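The values are calculated or read from the model by the stated rules, or taken from the named source; none is laboratory data. The model shown is predicted, which means the values in this text are computed figures rather than measured ones. Don't worry about glycine lacking a Cβ; one is built from the backbone with ideal geometry, like all the others, and counts go over all protein chains shown.
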Amino acid sequence: MRGGRRRAAVLIATIATALGIGLSGAASAAADPAASYFPLPSCCPMQEVQAGGGLVVLGDENGEHGYVLRLDPATGAVTGQLDLFVSPVGNNDYANFFSAPKLAVADGSVWFSSYFDNRVYRLNAVTLAVEDIVKTGRSPASLIRADGSLWVTLNNDQAIQRIDPVHDRVTATIKVGNQSQTDQPSRIAWTGTQLLVSLPATGRVAHVSPRGRVLGYDRVGDAAGYSLLRIDPVPGGYWLDDTDGGTTYWRWSYARHRLTRHFDTQGGWGSVVARGVLYTGGAVCDSNGNCTQGLVEKHDPTTGRLLATRRFGPVGAWFPQTAFGGLWTTDFNQLQRSALF
């Protein structure tokens with residue numbers, strides 16, 4: 001496992017002090033009086049998905065205990081919980097959390113990948129009970145639903161796999177890395193017509209058809225980071241974060257076959273495209289890395305121009321996701337819901 005994942009594990013547990021982003025150039029932002037706050041039993045929820053009438057959250061406690069929670073999206077009450085499985089001996093520095101770095105919803109179920117035991121688990125969307133287990137290649141990580149299938153990156157097989165969610169089995173394995181042990185696929189995204197897979201070690205993004213044919217590679221350089229963030233497809237291209245939780249976002253243009261735009265953001269950590277615009281989650285932090293306010297920025301998806309900002313949360317507003325018509329972010333031991341703006 002590359003050092004970027006180790007650094008990310010430490011960063012999630014201490015995110016407010018690890019970002020190290022100063023206040024210079026901070027955008028003026030209005031506080032959101034309509035934001036709702038939902039306390040959680042432990043730290044650092046990482047991803048939220050809308051499933052079975054509830055909000056399903058993947059989180060961890062200080063990098064040592066992973067869980068999946070089901071919440072009532074109106075009240076934040078916990079209505080279900082699944083504690084994640086103990087990692088194999090020798091990997092306990094990363095604990096349970098990094099054995100499930102991604103959630104996805106497909107065919108009425110919630111799915112998560114278990115990095116250390118090479119499996120993808122299918123959960124009942126309401127009870128969170130394990131309904132089935134799919135054996136995969138080595139080190140399954142990022143998941144995405146695309147064109148009726150579930151796709152997963154295999155970090156240590158330099159490949160992606162297609163899973164049939166009707167029969168719960170692997171139906172294809174597609175090599176995307178150059179077979180170097182360091183050329184590990186990291187993030188995966190769906191444009192509506194093809195898959196995008198980041199390969200940080202070689203600074204590339206692979207294009208893969210729904211039938212599993214590799215269509216080509218974009219040479220994006222360091223923009224294809226090992227961080228926990230996403231590839232965000234937009235018309236005419238896609239946005240990438242820089243490596244390991246940095247604060248610059250880069251736009252790749254299909255027409256020009258190169259990076260054409262970029263912008264910096266405050267304490268950035270996560271992004272999502274919703275209603276045709278790009279939202280980034282972050283924080284207002286001082287030069288010592290002490291963060292005092294959550295900050296969400298709204299950007300033009302073509303130019304990256306800052307359109308609007310909102311502040312909410314006492315420390316940060318990280319890992320934005322959309323569900324139940326709202327924008328959800330993370331601030332340590334709570335989730336925050338705000339209206340899209």
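Okay, here's what the table says:
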| read-out | value |
| --- | --- |
| Check on Gly212, among the small types (Gly, Ala, Ser), touching a helix residue (DSSP H, G or I) at 6+ places or on another chain (Cβ under 8 Å), closer than 22 Å to Lys135 by Cβ and part of a loop (DSSP other than H, G, I, E, B) | no |
| When residues of region 148-163 are limited to those that are under 20 Å from the mean Cα position of the chain (by Cα) and not hydrophobic (A, V, I, L, M, F, W, C), the one surrounded by the most Cβ atoms within 10 Å (Cβ to Cβ) | Thr153 |
| Residue, surrounded by the fewest Cβ atoms within 10 Å (Cβ to Cβ), within region 262-279, restricted to residues that are over 16 Å from Ala223 (Cα atoms) and among the β-branched types (Val, Ile, Thr) | Val277 |
| Matching strands (runs of 3 or more DSSP E) fully within region 245-341 where at least 3 residues are more than 21 Å from the chain's Cα centre (by Cα), modelled with pLDDT of 90 or more and under 28 Å from His207 (Cβ atoms) | 258-264 |
| Hey, Asp93 modelled with pLDDT of 95 or more and over 23 Å from Val78 (Cβ atoms) or not | no |
| Residues of region 284-319 satisfying the condition of being within 17 Å of Cys43 (Cα to Cα) and surrounded by 24 or more Cβ atoms within 10 Å (Cβ to Cβ) | Cys291, Gly294, Gly313, Gly316, Ala317, Trp318, Phe319 |
| Top-ranked residue in region 189-225 [being of a type in the set (Lys, Arg) and surrounded by fewer than 16 Cβ atoms within 10 Å (Cβ to Cβ); ranked as nearest to Val105 (Cα to Cα)] | Arg211 |
| Count - residues of region 194-209 that are in a loop (DSSP other than H, G, I, E, B) and within 15 Å of Leu240 (Cβ to Cβ) | 1 |
| Verdict on Leu143 being surrounded by 21 or more Cβ atoms within 10 Å (Cβ to Cβ), closer than 28 Å to Asp232 by Cβ and in contact (Cβ under 8 Å) with a residue 40 or more places away in the chain | yes |
